[in-house]
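The values are calculated or read from the model by the stated rules, or taken from the named source; none is laboratory data. Note that the structure is a prediction, hence the values are computed from the model and not measured. Counting neighbours? That spans all protein chains shown, and the Cβs are built from the backbone with ideal geometry, glycine included.
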Amino acid sequence: MNIAVHSVHFKASDRLLAYVEKKVETVNKVSSRISKATVFLRLDNNHLHENKIAEVCIHLPGKEVVVKKESKTFEKSVSLAMLALRRIVKRSKGKNLSVKKR
């Protein structure tokens with residue numbers, strides 16, 4: 001699986017990049033059909049403390065899944081996005097298996 005991490009409006013540290021790649025690999029354990037993952041880390045320019053945005057896009061055969069989460073830290077945002085993606089991938093995997101059985 002190819003993983004691309006893009007940071008917008010800031011320079012991401014190596015520690016943050018390693019954390020993001022590790023979290024994205026956990027979704028790959030649920031489904032091995034994931035071909036590509038793209039992660040955008042953004043700093044929102046507002047006065048609120050929850051201005052760190054993680055947008056994760058995963059490419060499955062036949063569809064593209066995008067999840068966008070916002071939190072106080074990038075680690076928390078990525079973690080929330082990965083939980084949502086894991087749920088979505090499990091659900092779509094179950095639907096695909098039920099279609100094959102018919």
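So, of the residues in the stretch 53-75 that are farther than 17 Å from I3 by Cβ and either without any contact (Cβ under 8 Å) to a residue 12 or more places away in the chain or hydroxyl-bearing (S, T, Y) (or both), which turns out to be surrounded by the most Cβ atoms within 10 Å (Cβ to Cβ)?
The extreme case among them is S71.
So how many residues does the stretch 30-52 have that are buried (at least 19 other Cβ atoms within 10 Å of the Cβ) and within 17 Å of K68 (Cα to Cα)?
Result for the stretch 30-52: 5.
Would you check if there is a residue in the stretch 45-61 being in contact with a Pro (Cβ under 9 Å, 6 or more places away or on another chain) and charged (D, E, K, R)?
No.
Tell me whether the stretch 94-102 contains one or more residues that are part of a helix (DSSP H, G or I), at pLDDT 95 or above and more than 15 Å from the chain's Cα centre (by Cα).
So far as the stretch 94-102 goes, no, none of its residues is part of a helix (DSSP H, G or I), at pLDDT 95 or above and more than 15 Å from the chain's Cα centre (by Cα).
Starting from the stretch 12-32, take each residue that is under 26 Å from K90 (Cβ atoms) and list its partners that are among the β-branched types (V, I, T) and part of a loop (DSSP other than H, G, I, E, B), counting only C-beta distances under 7 angstrom and pairs at least six apart or across chains.
V27/I34; N28/I34
Could you list, in sequence order, all residues of the stretch 1-51 that are polar (S, T, N, Q) and assigned to a strand (DSSP E or B)?
Correct list: N2, S7, T38.
Of all residues in the stretch 54-76, which are within 17 Å of R15 (Cα to Cα), under 14 Å from the mean Cα position of the chain (by Cα) and not aromatic (F, W, Y)?
Correct list: A54, E75, K76.
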